[in-house]
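The values are calculated or read from the model by the stated rules, or taken from the named source; none is laboratory data. Treat the numbers as computed from the prediction; the structure is a model and nothing was measured. Positions of Cβ are backbone-derived with ideal geometry, glycine not excepted, and every protein chain shown enters the neighbour counts. For accessibility, only protein heavy atoms count, side chains too; no ligands or nucleic acids. Shrake-Rupley method; radii C 1.70, N 1.55, O 1.52, S 1.80 Å.
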Amino acid sequence: MTVKEQLIARFGEDVTPEPSRVGDEVYIVNRNRIFEVCQYLKESTNPKYDFLMDLTAVDYLHMGKKPRFAVVYQLYSMSTHRRLRLKAPVPESDPILPTVVPLWGVANWFEREVWDMFGIKFKGHPDLRRLLMYDEFKGHPLRKDYPYNKRQPLVKNTEPYEDKEILQYLQRIKQDEATQRDSGPEYLRDFLKRRETFEGDRSTRSFLLNMGPSHPAMHGVIHILLELDGEYVRSADLGIGYLHRAFEKECEVVKWGQVFPYTDRLNYVSPLINNVAYAQAVEKLLGIEITERAKYIRVIMSELSRITDHLTCIAANAMELGAMSAFLYFIEAREELYNLIEEITGARLTISYVRIGGVKADLTPDFPERCTRVLQFVREKLKEVHKLLTRNRIFYDRMVGTGVIDKETALHYGFTGPVLRSTGVEFDVRKANPYLVYDEFDFDIPYGENGDNYDRYLCRMEEIEQSCRIVEQALAKLPGGPLNVDHEGKIIPAHVMADYGKLGKTHELLQMEAITDPTLSGSNAEFYRKIYPNAKNVVLPPKEVTYSSIEGMMNHFMLVMEGVGITPEPGEAYSAVEGANGELGFFVVSDGSDHAYRVRVRPPCFTLMSGFHKMIEGDQIADVIATFGTINMIAGELDR
Amino acid sequence: MGVKDIFGGENFLTTRLDKAIGWARKYSIFQYPFVTACCGMEFMSTAASHHDIDRFGAGLPRFSPRQADVLMVVGTINHKMAPILRRVYEQMCEPKWVVAFGVCTCTGGFYDNYAVVQGIDTIIPVDVYIPGCPPRPETVLNGLMLLQEKIEKGKQVY
C-alpha cells in the first residue's frame, strides 16, 4: 500500500492529494487533524516520515485562494530518503491550528516563527512568543498586506530581561520541575534531589546570566539566557533575530534572478552553496535541465565553498578556545581559496556566480592547475592544524565529552549536517538524494560516535579532505561543451559566452553573428507574456549579442524589464542541497509573474540552534563557548 | 592633574603636545569589533596574516567597550540590534571614534525593508564610512588610514 492509500484509508476526506507539476508529493490536510496526520506519518505508515524538515506558512492573499493561509510541513523519511509535503489551509478569521511540538522539538521554533511572521496561532504550543522580531513590533511582516519597507520606530534601550520576566521564567521552570524530577535528564534529577535535601526553609535561587548578543567569545549575534547552578548550566533560553534582514520579504519584491545577491548573504561563509540551492529550486519550478559542464562547475564551486566554511568554523572555534595560531593558519588557507574563487567569479565573498539556467562565467584555462595548487596548500595547513589541535591536551580536554547530544534528541530537534553525523546518523543529502552529479564521485561521509564537540571537529576536518577529493575528481572529469542553456532551453557554446564586450574588446562586437530572437515582441508584449512561461528563456544573452544586434538587445531587455523575464508557471517546489551545516532547502512559490511569490529557506543553523539548549544543559559555562563554536551558527542564515 | 598642567599649560607647548599625542594615538587603536554579519568575514581576513591590520597599530581587539576607543560596526544593524549598539557606544570612554564598516552600516545597503536601520549614523555619530558589500581588505585598510589621519589631525582631548 502506498502512503497515499494508507492516508486516505485512515483519514478519508480530511487528506486530499494535490497534484504537483514538479513531482513533489503533496497532501492537503484538514487543519484540525494535522496533529493526527503527522503522528500517523511519523509512527505508523510504511515508510515512516519521521523527520520534520521544515515548517512554514504561505499567505495566498494576492493569489486569491481561499482560505488565505496555508501552513506547510516538509516531512522526510530517514529510512527511504523520500520527501512529503503537507499543507493545512488556515482561514484569516480564525488563524489557529494544533501544534506538533510533542512530535518534534524543532517545531517549537518553527511555530514561533510562523506566529511571528504570519500571526498564525498554534493551539497547545508551550511558549508562543515572537522569535525574530522584538516584542514591541506591531503586525506580522510576512503577511502580504504588510508593506515591505514599513519601518516602525526604534524601541528604547531596555534591559534584555526585566525582573518581571525573570520571575515569569523561574515560574515556568518551577512548573516543569515536577515532570523533570521524574523523567528529566539525569543531571537535572540529581540537581533537584540535592536541592531538596539542602533546601529546608532557606530556598536557593539559581543564578541567571545573559550571554550576548555582543559577547567577546562568540562570533555571531545571539542572546543566551543561562540559568546557572554554580558553574553548571541548568537550563538555557535563546533569543535570536538580531540579524533579521527580511530576506524572505525582500525576495518577494525583486525579480527571480535578482534574489541571488540576497542568497549570498544567508550563509556568508559558503555563499556559492546558497546560490546553487536557490537556482536549483527555481530550475525545478521551470523544468530546466542545466548542461553537464555547468553541473560540474557548480559541484566544484560548492565544494570549494564548503572547504572555506569548515576552515572558518574550525578557525573561529579554535580561536575562541585560545588557539590563535590555528586560526591564522586556516585563514591563510581560506585567503588562497578566496583568491581562486575571485579569479573565476569576480568577487571574494558575496559572489552571485550562479544563474538560473547555468553559471555566470566559464572557468579560466589555467583553473585546474591553480586549483590543484591551492588544494595542496589547504592540505598542508590541514596537516599543520591536525598537529596543533587534534592531540593537543588543552584542546582535547575541552572538546571531548562536552556539548554531547544523542541520536534521538538530534533527530527530534531536526539536526542535519556534520552535527547530526557526529552522533552517528548517516544522513547527507549528497548521498541520500544525489543532486547535480554527486553520484558520479567517489567520496566518503565521515560519521562520529559520541556526538560531542570533538567528534564534530573531526567530522569537519575530514569533510575538508573529502571535499578536496570531490573537487579533484570533478576537475579530472570536467566535460567540455556548452555552459548555459539559452532562451528556449537550447544550449549556448562556451566560446559565445566569452563576453568580449566586458573585456573591453568592443571592436569585435561588430563581427559577431546576430542571432534572431524569437521573443522579439514589441507591441505584442502582452501576447508573449502569456506564452512566456513555456519558453525557457532565462539566461541573459552575451554582451556581444546585446550590443551588436537589435534582437539581442530586445532579448536582454525582455529578461531584465519589469513584468517580463523569468516567469515560471504557477506552482511550488521544494529542493534541497547539502549546505556546510546541513540540509539547505528552498521552498519557492510562483504565481506566474516575474517576482517570486514566496521564497522560504530552510536554514540548517535554525534547527541546530533550536536544540542548542539540549547540548549545553549539564555542561559547565565555559563549554558553552566550545559548543557554540562547533555548531557553526551563522546569524545571516539563522535570522535571515 | 591633566597632562597640560604638567607642562605648564602654555599654548605653544599644547599645540606641539597635541601633535605628539595625535601621533601616538594614531598608532595605538584599540578597536571594539561589533561584528554582526557578512562583513565579519572580511574583518577576519583583514586581521589575519595576509593583510595584517597589526601593521597599522590596530591589531588588538578589546571586547569590552570600556577598554576600546574605536567602535568598528561590522555588518547590518537591524531594529532589534540598534538599542544594543547605542548602549555599547555610550559605554565607551572619550575619546572615541566610530567606523561604519560595509554599506549596510553606511546606508542600509540593499536591505531597504522593515527590519534594517538605514545607516547607523541615524543612531550614533560616525567618523569614517567604509563602503563595499563587503569591503575588500584593501578598502578596510584605506579606511583605517583615513581614520588615523583624522585622529592625528583632530583636536586632542586629554
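Computed values, structure above
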read-out: Which numbered condition A:Leu328 misses (of (1) touching a strand residue (DSSP E or B) at 6+ places or on another chain (Cβ under 9 Å); (2) open to solvent by 10 Å² or more (accessible area, probe 1.4 Å)); value: (1)
read-out: Those strands (runs of 3 or more DSSP E) lying entirely in region A:522-627 with at least 2 residues modelled with pLDDT of 75 or more and farther than 26 Å from A:Phe69 by Cβ; value: A:571-578
read-out: Those residues of region A:417-476 which are open to solvent by 10 Å² or more (accessible area, probe 1.4 Å), assigned to a helix (DSSP H, G or I) and farther than 24 Å from A:Arg379 by Cβ, in sequence order; value: A:Ala432, A:Asp439
read-out: Qualifying residue in region A:306-327 (condition: under 24 Å from A:Met561 (Cβ atoms), assigned to a helix (DSSP H, G or I) and of a type in the set (S, T, N, Q)); value: no
read-out: B:Gly22 vs. criteria at positive phi and away from chain A (no Cβ under 11 Å); value: no
read-out: Any chance A:Glu289 is away from every other protein chain (no Cβ under 12 Å), assigned to a loop (DSSP other than H, G, I, E, B), surrounded by fewer than 24 Cβ atoms within 10 Å (Cβ to Cβ) and of a type in the set (D, E, K, R); value: yes
read-out: Yes/no for A:Ile314 being within 14 Å of chain B (Cβ to nearest Cβ), more than 28 Å from A:Ala573 (Cα to Cα) and modelled with pLDDT of 90 or more; value: yes
read-out: Flag if A:Pro213 is crowded, with 20+ Cβ neighbours inside 10 Å, under 17 Å from B:Lys80 (Cα atoms) and either at pLDDT below 85 or not β-branched (Val, Ile, Thr) (or both); value: yes
read-out: Lone qualifier among A:Ile341, A:Ile351 - being buried (at least 19 other Cβ atoms within 10 Å of the Cβ), touching a residue at least 60 places away in the same chain (Cβ under 8 Å) and touching an Asp or Glu at 6+ places or on another chain (Cβ under 7 Å); value: A:Ile351
read-out: Enumerated strands (runs of 3 or more DSSP E) restricted to region A:51-153, each holding at least 3 residues that are of a type outside the set (Phe, Trp, Tyr) and open to solvent by less than 30 Å² (accessible area, probe 1.4 Å); value: A:51-59, A:69-76, A:83-90
read-out: Positions within region A:222-267 being away from chain B (no Cβ under 14 Å) and of a type in the set (Ser, Thr, Tyr), in sequence order; value: A:Tyr232, A:Ser235
read-out: First in region A:302-328 and in contact (Cβ under 8 Å) with a residue 24 or more places away in the chain, second anywhere and buried (at least 24 other Cβ atoms within 10 Å of the Cβ) and basic (Lys, Arg), Cβ under 8 Å, 6 or more apart; value: A:Thr308/A:Arg334; A:His310/A:Arg460; A:Leu311/A:Arg334; A:Thr312/A:Arg334; A:Cys313/A:Arg460; A:Ile314/A:Arg460
read-out: Residues satisfying the stated conditions in region B:66-103, i.e. within 17 Å of A:Gly239 (Cβ to Cβ), at the interface with chain A (Cβ under 7 Å from one of its Cβ atoms) and crowded, with 24+ Cβ neighbours inside 10 Å; value: B:Asn78, B:Lys80, B:Met81
read-out: Tally of residues being open to solvent by 10 Å² or more (accessible area, probe 1.4 Å) and hydrophobic (A, V, I, L, M, F, W, C) across region A:594-633; value: 3
read-out: Matching residues, region B:18-65, being surrounded by fewer than 23 Cβ atoms within 10 Å (Cβ to Cβ), of a type in the set (D, E, K, R) and not in a loop (DSSP other than H, G, I, E, B); value: B:Asp18, B:Lys19, B:Arg25, B:Lys26, B:Asp54, B:Arg55
read-out: Region B:133-154 - residue that is surrounded by fewer than 21 Cβ atoms within 10 Å (Cβ to Cβ) and within 14 Å of chain A (Cβ to nearest Cβ) and, of those, farthest from B:Lys19 (Cα to Cα); value: B:Cys133
